[in-house]
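Engineer: Have a look at the structure that comes next, please.
The values are calculated or read from the model by the stated rules, or taken from the named source; none is laboratory data. Because the structure is a prediction, the values reported are computed rather than measured. Don't worry about glycine lacking a Cβ; one is built from the backbone with ideal geometry, like all the others, and counts go over all protein chains shown.
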Amino acid sequence: MRVGRFGITDSVMATETLQERVRAVEKELAQLKRQLATDKPQPKTAPWEKIFGSFAESEGFEEAVRLGREYRESLWHKDDGGTS
């Protein structure tokens, strides 16, 4: 018997332990593959789609829309030299 770098005293025992671990990983991988094969893929939803329209009935919504429009229009007037 010899002591290896990781303190393993019996190389046969280390090999058996490694083989057991590989078998366990292979078994779990097979289970995951079966699960993925049977699960239906979920469609990806863009983050903005999750909240789109959720504030339309809230207090202050119309004011926020108005202020946003005024701000965007103020930028347009700056771009064209200040004329409408």
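Engineer: Surrounded by fewer than 10 Cβ atoms within 10 Å (Cβ to Cβ) and at pLDDT 80 or above, is that true of residue 78?
Structural biologist: Answer is no for this residue.
Engineer: Another one. What's the total number of residues in region 55-78 that are among the polar types (S, T, N, Q), within 35 Å of the chain's Cα centre (by Cα) and part of a helix (DSSP H, G or I)? Reasoning before the result, please.
Structural biologist: Taking region 55-78 first, the residues among the polar types (S, T, N, Q) are 58, 74.
Keeping just the survivors that are within 35 Å of the chain's Cα centre (by Cα) gives 58.
With the extra rule that they be part of a helix (DSSP H, G or I), the set shrinks to none.
Of the residues in that region, 0 qualify.
Engineer: May I pose another question? Among the listed residues 28, 57, 49, 16, identify the single one that is acidic (Asp, Glu) and at pLDDT 85 or above. Let's see the steps before the verdict.
Structural biologist: Values: 57 fails: at pLDDT 85 or above; 49 fails: at pLDDT 85 or above; 16 fails: at pLDDT 85 or above.
Residue meeting the stated conditions: 28.
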